[in-house]
Amino acid sequence: MSKDKFTFQTNIIHNAQSVDRQTGAVSVPIHHATTFHQDDFDQFGKYDYSRSGNPTREALEEAIANLEEGVKGFAFSSGMAAISTAFMTLSKGDHVLVSEDVYGGTYRMITEVLSRFGIDHSFVDMTDLHQVATNIRSNTKVIYMETPSNPLLKITDIEAVVKLAKANGCWTFLDNTFMTPLLQKPLKLGVDLVLHSATKFLAGHSDVLAGLAIAGNEAIAEKIGFLQNSFGAVLGVQDCWLLMRGIKTLHVRLKESSESAYKIARFLENNRHVEQVNYPGFSYHPGFETQVRQAEGPGAVLSFRLKGEEEVRTLLEHVKIPVFAVSLGAVESILSYPAKMSHASMPPAEREKRGITDGLLRLSVGLENPEDLIKDLGDGLAKIKEVREYHDKAAGSI
Ligand SMILES: *Cc1c(COP(=O)(O)O)cnc(C)c1O
């Protein structure tokens, strides 16, 4: 029976890579070899040098291509290596249109590196199709999406942007880190290239730095393959193996974390210290209908707004469970402060304009018991009141 008769949950475990064809091993062998003996100088074998191709990396690349339903996968040493390599498809004089609340590292790459090579950019609110349409120029080659966006969880209508791109002869790239192919398959919606920081949900344990690119058609697959070998930021074999192991539990991890995220988001929206909760699982979220149409769920990341920096400080001082760190998509819940972390490379005025204010926190929900997390966050938020009363009292007694 063909494997595509089965569901994602089964395919993630039983795929072409699940049994080593040579030995029957149920875990992909790690091939450390950097070079491969050739029997004949007229005809090289499948592998010659590990930057160009390695059997362990190939197993991972085939697995992710299969899960994203693309034509070819490519593994890189980090998400930024994958994203930067993808941007190398552009040439001097080209223009790229980008989601305005794009990942901070991508923002830095576009504004501080690509600009030096004569590659121009415009940031737009990708949720506003009119803005997208009116900002496409004759030299626009790529429309770059991130949905849900980071850290505001805004939803872009993928099919609508793809339609605009195709009508204008542009490629579409999409950073699928927050959703993974379990929840969203952009290539099926016509996107040309999917990118991942596999460091996050795909690897899932805060112990592997990795990036992936998956091509939706042969034309772009050929370009990315050439650039992967030319630029050379490939993923090492140990990390390929760790990433494949992480992917095997993606379904169970993300399903559980998403359910907990929903409960926590509900709790937060009812807490009086929380001014706003951004979570695409709420029916009043402006992108809710689009999200329901194009994805299988809202995911396990949410953000919420407190009054300001002082309130954020109080909460962070008192919560015990989530780690306070950059990154997301791990077994442990991670609370981060975009203004000072992921978006620190964005000028403050740009940040504020995008809604990434000093009171905004992002929570990536892990695998802890959700009731424990709710209690912990509730206790931390309650301290905001105590601290404020203490300050008010101190001010009153002067
Ligand atoms: C972390 C992240 C990246 C960058 O990936 P690295 O693996 O850290 O290089 C890109 N996009 C998103 C959405 C991310 O969260």
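Legend: calculated FRET efficiency, residue 375 to residue 288, from the Cβ-Cβ distance at R0 = 30 Å, rounded to 0.05, equals 0.60.
Panel order for 317, 332, by other beta carbons found within 10 Å of each beta carbon, from fewest to most: 317, 332.
Express as a percent, rounded to the nearest 5, the fraction of DSSP beta bridges in the chain (both residues included) that run antiparallel. The partial results should precede the final answer.
Numbers: 23 of 42 bridges.
Of the beta bridges lying entirely in the chain, close to 55 percent run antiparallel.
Computed from the C-beta positions of residue 231 and residue 392, the FRET efficiency with R₀ = 56 Å rounds to 0.45.
How much length is gained on full extension from residue 42 to residue 327, taking 0.36 nm per residue of separation minus their Cα-Cα distance?
Numbers: separation 285, 0.36 × 285 = 102.60 nm, distance 4.78 nm.
Length gained between residue 42 and residue 327: 97.8 nm.
One chain, two ends: residue 112 and residue 252. Fully extended at 0.36 nm per residue, the span grows by 46.5 nm beyond their Cα-Cα distance.
A straight line joining the Cα centroids of the range 35-55 and the range 114-132 runs 41 Å. Helix-only arithmetic for the chain: the sum of -39500 (n - 2.57) across DSSP H runs with n ≥ 4, divided by the residue total, places the mean residue ellipticity at 222 nm at -11000 deg cm²/dmol.
How many angstrom lie between the Cα centre of the range 256-297 and the Cα centre of the range 347-398? Distance between centres, Cα-based: 18 Å. Working note: Cα atoms of the range 250-396, range along each principal axis, descending, whole Å: 53, 36, 27. Legend: calculated FRET efficiency, residue 350 to residue 27, from the Cβ-Cβ distance at R0 = 45 Å, rounded to 0.05, equals 0.50.
Kirkwood Rh and Cα-based Rg: tell me the resulting Rg over Rh for the range 1-41, rounded to two decimals.
Working: Rg = 14.9 Å, Rh = 12.8 Å.
My calculation puts Rg/Rh at 1.17.
Relative to the 2.2 N^0.38 Å rule of thumb, the range 329-393 has a C-alpha radius of gyration ratio of 1.39. At 0.36 nm per residue, minus the direct Cα-Cα distance, what do residue 188 and residue 8 gain on full extension? Give it in nm, one decimal, please. Here the answer is 63.3 nm. The Cα trace of the chain gives Rg and Dmax of 22.2, 90 Å, the first to one decimal, the second as a whole number. Remark on the range 17-245: ratio of C-alpha radius of gyration to 2.2 N^0.38 Å is 1.04.
For the range 234-337, report the translational diffusion coefficient in µm²/s to the nearest whole number, using Stokes-Einstein at 37 °C, 0.692 mPa s, and a Kirkwood Rh over Cα pairs. Don't jump to the answer; show the numbers that get you there.
On the way: Rh = 15.7 Å.
For the chosen part, D equals 209 µm²/s.
Listed from fewest to most Cβ neighbours within 10 Å, the set 116, 108, 362 follows the order 116, 108, 362.
When 391, 31, 37 are sorted by how many other C-beta atoms sit within 10 angstrom of their C-beta, beginning with the fewest, the order is 37, 391, 31.
No value in this document is a laboratory result; all are computed from the given coordinates. These figures come from a predicted structure and were not determined experimentally. Backbone-built Cβ (ideal geometry, glycine too); neighbour counts: all protein chains shown.
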